[in-house]
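What follows is a set of notes on a single structure, which appears directly below.
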Amino acid sequence: MRKTYEDSRYDQPIIIVLSAGADPMSEMVKLADEEGQRVSAVSLGQGQAEVAKAKIRESQEIHQWVVLQNCHLSPSFMPTLDGLIEKLVDLEP
């Protein structure tokens, strides 16, 4: 997780494809603590697109990390997510 973080940029999401039973959330929380960051998670699925958008906007304002889990349950949200990420390109880190 450390190497992934070091290679990341503020305007590019980190996508982690997991195998059954894998859960990197504890590693993310540990890394966030080490970096002095807060992390918040949203599990996507029915009705969670608006929650995710609100959490992304809030996290931009307070400089917090957001983990979107179970993205496969919300494929219709992915174009919206792409648009939100595109808006990050215009922001300063």
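Would you please give the residues with an amide H less than 5 Å from that of Ser43, counting only those at least 5 places away or on a separate chain, with H modeled from the backbone geometry?
HN-HN under 5 Å from Ser43: Gln69.
Given the rule -39500 (n - 2.57) for each run of at least 4 DSSP H residues, summed and divided by the residues of the chain, what is its mean residue ellipticity at 222 nm, to the nearest 500 deg cm²/dmol? Spell out each step's value before the answer.
On the way: 4 runs with 40 residues, N = 93.
When only DSSP H runs of four or more count, the value is -12500 deg cm²/dmol.
At q = 0.13, 0.22 Å⁻¹, what is the log10 ratio I(q)/I(0) for the stretch 2-88, with the Debye formula run over Cα points and no solvent?
-0.43, -1.30
Rule-based calculations on the coordinates, nothing more; no lab input. What you see is a predicted model; the values in this text were computed from it and never measured.
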